[in-house]
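Inspection log for the structure reproduced underneath, given as structure tokens.
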Amino acid sequence: MLYWQIGQEILARQQAEVWRAKVITQLSKDLKQEFPEMTGFSARNLGYMKSFAEAWSDETILHQLGAKIPWKHNCLLIGLKLAKLRFEPI
């Protein structure tokens, strides 16, 4: 749920403040500094959190489906979806 909430916050701020990719890198550094005992705040993982929040935009569906599989599996599914979008003919 924390990763989904972080992803939702990134999405909201990107829409409201026109965030760029470098902001995610800075956010990663800030979170690591603020919560040194926690892991999972790499820029890459924050990107997955954003994609996770996009994929499971409805919180009720998230509780039913997305939260029931491990984080790594969600990342793999998101990665497959992004790879398909990159290689899909226009």
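Any read-out appearing in this document is the output of simple, stated calculations on the displayed coordinates, not a laboratory observation. All figures in this text were calculated on a predicted structure; none of them were measured in a lab.
Overview of values
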| item | result |
| --- | --- |
| Set of aspartates and glutamates with alpha-carbon distance to residue 22 below 19 Å, sequence-local pairs under 8 removed | 9, 30, 34 |
| Contour excess over end-to-end distance, with Cα ends at residue 22 and residue 58 and 0.36 nm allotted per residue | 10.2 nm |
| Chain lengthening between residue 68 and residue 44 when straightened (0.36 nm per residue, less Cα-Cα) | 6.4 nm |
| Descending semi-axes in Å of the range 1-56, equivalent ellipsoid built from Cα gyration tensor | 17, 14, 9 |
